[in-house]
Amino acid sequence: MATRINRPRTARDRRRLAASEFFRVQQRRPTAPQSPQPEPDYIGEAVAAAFAPGQLGALYVIQPDYQGNTILWQDEAGTIPATADGDPVGRIDDLSGGGNHATTPAPGTLRGSVGNWRLEFDGVDDYYDLPLSLAQNSPSLYLAFAGAYRELAGADKSMIWFSTGTSSTGTRARLNTRATTYLQAAGRRLDEDPFEPGVQAEVIAVDEPFTASALLDYANASAWLRKNGAEQTSGSFSTAGTSSDTPSLEAYLGWQAGEYTTMDARAFAIVTGGTDGIAEIEALLAHLIET
């Protein structure tokens with residue numbers, strides 16, 4: 001008996017059959033690969049949010065270049081790019097647009113490779129001098145760091161330090177470790193007493209990548225301290241005394257009162273006199289310790 005073949009009998013049937021065959025063919029075709037999404041410009045977003053409103057400060061990111069421009073140099077004058085593991089870094093360009101480049105006669109060492117750069121501070125004599133000042137009538141100071149400590153023993157070790165250079169009175173501020181394992185943020189304005197403990201939390205371990213940030217609110221004598229974007233503690237610090245416009249005379253990375261810090265740094269951020277852009281800066285810092 002001959003096999004019966006069902007054929008479309010009308011134009012409508014033929015159109016339905018053609019459409020179903022088209023979809024069957026489409027489903028069998030391999031899916032075209034999706035183009036990778038571009039990575040967010042964390043640096044650009046932080047700069048636009050924190051410094052475009054006119055706030056002062058600096059942003060230092062440890063990588064050889066940004067958008068095709070060299071930002072790490074072997075020499076203080078900025079003539080020899082630092083591009084490879086083992087290169088000395090004599091200057092770190094400020095990405096805020098303020099031109100507050102960090103320089104040193106005792107350079108740290110560039111370590112790592114593309115996508116995973118860090119600046120090694122040896123704890124012996126490596127530090128960076130900042131052309132920044134903290135006016136004693138500044139309403140606030142935001143300090144932030146991304147990296148890891150390679151050693152915690154000994155005295156207080158600062159990531160960022162501001163001081164008038166006097167031991168008894170004047171404006172001071174710091175983001176540092178204290179008593180070997182504490183993160184601390186502390187400040188003082190024209191107070192004749194020693195530094196108060198400020199705000200601190202026992203959260204640091206050797207070789208643990210982390211972000212640390214603090215807002216010292218001079219207007220309200222209050223402060224908060226965060227690790228990895230989460231607030232650890234908040235409290236008050238001293239702003240006693242008579243205010244004046246005399247700025248701090250010292251501003252450093254990796255040094256505090258004769259003590260050098262043994263650390264691997266990925267970024268530093270400083271904002272004076274405002275709080276815009278903190279979220280964007282902390283997103284940048286978090287990204288840098290994830291890479």
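Per the listing Gly90, Gly86, Gly57, the residue uniquely among the small types (Gly, Ala, Ser) and open to solvent by 10 Å² or more (accessible area, probe 1.4 Å) is Gly86. Would you check if Ala135 is at pLDDT 95 or above, hydrophobic (A, V, I, L, M, F, W, C) and touching a Ser or Thr at 6+ places or on another chain (Cβ under 9 Å)? For Ala135, the condition - at pLDDT 95 or above, hydrophobic (A, V, I, L, M, F, W, C) and touching a Ser or Thr at 6+ places or on another chain (Cβ under 9 Å) - is not met. I'd like to know if the range 109-116 contains one or more residues that are outside any strand (DSSP E or B) and under 17 Å from Asp264 (Cβ atoms). Within the range 109-116, one or more residues are outside any strand (DSSP E or B) and under 17 Å from Asp264 (Cβ atoms). Filtered by the rule that a residue be assigned to a loop (DSSP other than H, G, I, E, B), modelled with pLDDT of 95 or more and under 19 Å from the mean Cα position of the chain (by Cα), the range 49-78 gives Ile62, Gln63, Pro64, Gln67, Ile71. Do we find a residue being closer than 22 Å to Phe145 by Cα, at pLDDT below 95 and open to solvent by less than 80 Å² (accessible area, probe 1.4 Å) anywhere in the range 31-40? Yes - at least one qualifying residue is present in the range 31-40. Applying the selection to the range 98-123, what residues are of a type outside the set (Asp, Glu), open to solvent by 40 Å² or more (accessible area, probe 1.4 Å) and within 16 Å of the chain's Cα centre (by Cα)? Within the range 98-123, His101, Gly115, Asn116, Arg118 qualify. Of the residues making up the range 44-70, those that are out of contact with any strand residue (DSSP E or B) (no Cβ under 6 Å at 6 or more places or on another chain) and closer than 26 Å to Thr275 by Cβ are Gly44, Glu45, Ala46, Val47, Ala48, Ala49, Phe51, Ala52, Pro53, Gly54, Tyr66.
The values are calculated or read from the model by the stated rules, or taken from the named source; none is laboratory data. No experiment lies behind these values; they were computed from the predicted model shown. Virtual Cβ from ideal backbone geometry, glycine too; neighbours counted across all protein chains shown. The area values use the complete protein model at the heavy-atom level, side chains included, leaving out ligands, DNA and RNA. Shrake-Rupley method; radii C 1.70, N 1.55, O 1.52, S 1.80 Å.
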